[in-house]
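Asker: What follows is a structure written as structure tokens; I'll ask about it next.
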Amino acid sequence: MHPAQSKGKAIIWLLLAVASSQATSVNIAPDALTHATEGYHTYVGELAYLTDGRYPGHGEQPGVFAWPSVGNLVFQLTEPRRVSGMRLYVGRDAGYYEVAAFRGARFGANGQTDSWGAEMVAVAANSDLQTDAWILLPFPPGTLADYLELSTDDSAEFYEIEVLADAPQPTAVSASSWAGVKTTPR
């Protein structure tokens, strides 16, 4: 096989792997407690814009969350989850993004991440400088985290942020409503 064909097949397999991982992922960002770091960083917009499902071309008048300079966003979950990565819809102001996944970190009273005693379990970065596009920051398979910190070292515009977690596996037990249980003959 010619080396160019081999490289082409490798790229196709990589794209298929990413697509299949997203197909089995769910967005848990709305379930997380979301904070923008305070003190040194200022921002424009509302945190609620990041998980409202609206971005350019999808939804009426999407709100933008913007860092005029550097900034960090944190997503704190109530319990560790298998997280496959993060997706960002960035606007016209694009930059370098890095997301770190932790177990045991917390948002401190000082408005910054408190990682004392925490374990950093994964890091993903993107420096493609793509504008008006979805950016994927994938983690290695099996990443278990309860806290994610997204950092940018320059100004940035975000319309939507998704924390991608493994979809729950179906069980053999079927769901029943309380009304259905009450009306079942004994």
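Asker: If I go through segment 128-156 residue by residue, how many of them are free of Cβ contacts under 8 Å to residues at least 60 places away in the same chain and among the aromatic types (F, W, Y)?
Answerer: Total meeting the criteria: 2.
Asker: Identify all residues within segment 138-156 that are touching a Lys or Arg at 6+ places or on another chain (Cβ under 9 Å) and surrounded by fewer than 20 Cβ atoms within 10 Å (Cβ to Cβ); write none if there are none. So that I can check it myself, show each step before the final result.
Answerer: Filtering segment 138-156 for residues touching a Lys or Arg at 6+ places or on another chain (Cβ under 9 Å) gives 141-147.
P141, G142, L144 - these are the residues of segment 138-156 that are touching a Lys or Arg at 6+ places or on another chain (Cβ under 9 Å) and surrounded by fewer than 20 Cβ atoms within 10 Å (Cβ to Cβ).
Asker: If I ask for residues that are of a type in the set (A, V, I, L, M) and surrounded by fewer than 19 Cβ atoms within 10 Å (Cβ to Cβ), which ones from segment 102-123 would you list?
Answerer: Passing the criteria: A109, A118, M120, V123.
Asker: If you don't mind, another one. For segment 98-105, state whether one or more residues are on the phi > 0 side of the Ramachandran plot and in a loop (DSSP other than H, G, I, E, B).
Answerer: Looking through segment 98-105, at least one residue is on the phi > 0 side of the Ramachandran plot and in a loop (DSSP other than H, G, I, E, B).
Asker: Further question on the same structure: Is it the case that some residue within segment 26-43 is more than 20 Å from G142 (Cα to Cα), modelled with pLDDT of 85 or more and either touching a strand residue (DSSP E or B) at 6+ places or on another chain (Cβ under 9 Å) or outside any helix (DSSP H, G or I) (or both)?
Answerer: Checked against the condition, which is being more than 20 Å from G142 (Cα to Cα), modelled with pLDDT of 85 or more and either touching a strand residue (DSSP E or B) at 6+ places or on another chain (Cβ under 9 Å) or outside any helix (DSSP H, G or I) (or both), segment 26-43 yields at least one hit.
Asker: Looking only at residues that are out of contact with any Pro (no Cβ under 7 Å at 6 or more places or on another chain) and at pLDDT 95 or above in segment 51-78, which one is farthest from N126 (Cα to Cα)?
Answerer: Filtering segment 51-78 for residues that are out of contact with any Pro (no Cβ under 7 Å at 6 or more places or on another chain) and at pLDDT 95 or above, the one farthest from N126 (Cα to Cα) comes out as G63.
Asker: Still on this structure, I have one more. Testing D132 on (1) buried (at least 16 other Cβ atoms within 10 Å of the Cβ); (2) modelled with pLDDT of 95 or more, one condition comes back false. Which one is that?
Answerer: In the conditions (1) buried (at least 16 other Cβ atoms within 10 Å of the Cβ); (2) modelled with pLDDT of 95 or more, D132 misses (1) alone.
Asker: Can you pull out every residue in segment 57-80 that is buried (at least 22 other Cβ atoms within 10 Å of the Cβ), farther than 19 Å from A133 by Cβ and in contact with a helix residue (DSSP H, G or I) (Cβ under 9 Å, 6 or more places away or on another chain)?
Answerer: F75
Asker: Mind listing whichever residues of segment 82-101 are over 11 Å from the mean Cα position of the chain (by Cα) and surrounded by 22 or more Cβ atoms within 10 Å (Cβ to Cβ)?
Answerer: Matches in segment 82-101: V90, A94, Y97.
The values are calculated or read from the model by the stated rules, or taken from the named source; none is laboratory data. The structure displayed is predicted, hence computed values, not measured ones. Heads up, the Cβs are rebuilt from the backbone with ideal geometry, glycines too, and the neighbour counts pull from every protein chain shown.
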